[in-house]
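A short worksheet on the structure shown next.
Nothing in this text is a laboratory measurement; each read-out follows from the coordinates by a stated rule. Keep in mind the model is a prediction, meaning the values are calculated, not measured. Don't worry about glycine lacking a Cβ; one is built from the backbone with ideal geometry, like all the others, and counts go over all protein chains shown.
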Amino acid sequence: MARLVILSGPSCVGKSPLLRALQRFHPNLAQQLRPLVLYNDRAPRPGEVDGVAYHFRPRAFIEDLRQRPGHIVLPVRRDLQALELAQVTGWLEQGLDPFFEGNPYIASALMQAPELADVPRVGCFLSPVSLEELRFLRSEPGADVRKLVTDVMRRKLLRRTQKQKGVLSAPDLEDIEARCGAAYDELAYAPAFDYVLPNHDGEDSENWDAFYYPLGDARKCLLDFAAILAGEEPRWAEKWPAETQS
């Protein structure tokens, strides 16, 4: 039966390379997924194609979508994004799995949308830390968990953006700070997902494709995500209780 598939997590945590790895090693599962294309008011990154990565539109255009029924419109870090819910129902009617890959804000709104209350779904959240690590860090006297998560994601975002653009501009650095600064708060969304996939191999990691086969956490996330899509029980995925929101 077709269902809504949601893959979310902080910026640069590894969602995009996980999807590419799925397409490469499990094409039969990947071909069932039909990406939901959001509206976004930011400029395209190198390699992004309008209508594929996002529908890139002026902010005023996206603001106007608030007045149209059947749209989710939300600020996402420094961007304004929107999603037309008819995309979800359209793919379901064709027996295919509508697939959202992106930020926790839109993902959470999708899971709570009254129009989709009866739609079967499965949600996976990629986290840069495991539940055990998070609990350990919070128990350590003097440990600043927010700062640590911010620092971890800053390194990943810097490496990713340098690969994409080379020399970074002031706006690039501001964007990185907005994204890494939001990462810790975005972990609060994890308990709402069916599965949490701990992943230390972000989008900057060589473990995704430098050695042909994914290695480390990249491999575990791929195997778990493929198992979930196949209706099997994952080996390493976690379920975060509501207490992790504190």
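Taking amide H as placed 1.01 Å from N in the peptide plane, residue 125 has its amide H under 5 Å from the amide H of 8, 195, 196, 197, each at least 5 places away in sequence or on another chain. Stretching the chain fully between residue 138 and residue 57 yields a gain of 25.0 nm (0.36 nm per residue, less the alpha carbon separation). The dipole here belongs to region 4-245: it is taken about the Cα centre, uses +1 on the Cβ of Lys and Arg and -1 on the Cβ of Asp and Glu, and is about 480 debye. With Rh defined as the Kirkwood radius, the inverse of the mean 1/r over Cα pairs, the Rg/Rh of region 51-116 is 0.95. Count Lys and Arg as plus one, Asp and Glu as minus one, and take only other residues whose Cβ is under 13 Å from that of residue 119; the net charge is then -2. Values (i) 0.94; (ii) 1.13; (iii) 0.99 are given for comparison; Rg/Rh (Cα atoms, Kirkwood Rh), derived from the coordinates here, is the one labelled (i). Of the GluC sites (Glu not before Pro) found in region 1-104, the ones in coil according to DSSP and having at most 16 other Cβ atoms within 10 Å of their Cβ are 48. Taking a span of 18 Å or more along the helix axis (Cα atoms) and a mean Kyte-Doolittle hydropathy of at least 0.5 as the rule, the DSSP H helices of the chain that qualify are 216-229. Our coupling estimate for region 30-35, obtained by passing each phi through the Karplus curve with A = 6.51, B = -1.76, C = 1.60 and θ = phi - 60°, is 5, 6, 7, 7, 10, x Hz, Gly and Pro reported as x. Sparsely packed loop sites in region 181-246 (the trypsin sites (Lys or Arg not before Pro) outside DSSP H, G, I, E and B with at most 10 other Cβ atoms within 10 Å) comprise 235. Rounded to the nearest 20, the size of the Cβ-charge dipole of region 70-177 about its Cα centre is 600 debye, with Lys and Arg at +1 and Asp and Glu at -1.
The distance linking region 36-115 with region 156-210 is 20 Å (Cα centroid to Cα centroid, whole angstrom).
In terms of distances greater than 22 angstrom between alpha carbons, the cross-link table entries 15/163; 163/239; 147/239; 156/220; 15/239; 15/220 yield 163/239; 147/239. By the helix-only formula, in which each DSSP H run with n ≥ 4 contributes -39500 (n - 2.57) and the sum is divided by residues, the chain has a 222 nm mean residue ellipticity of -12000 deg cm²/dmol.
Taking other residues whose beta carbon is less than 10 angstrom from the beta carbon of residue 190, and scoring Lys, Arg as +1 and Asp, Glu as -1, yields -1.
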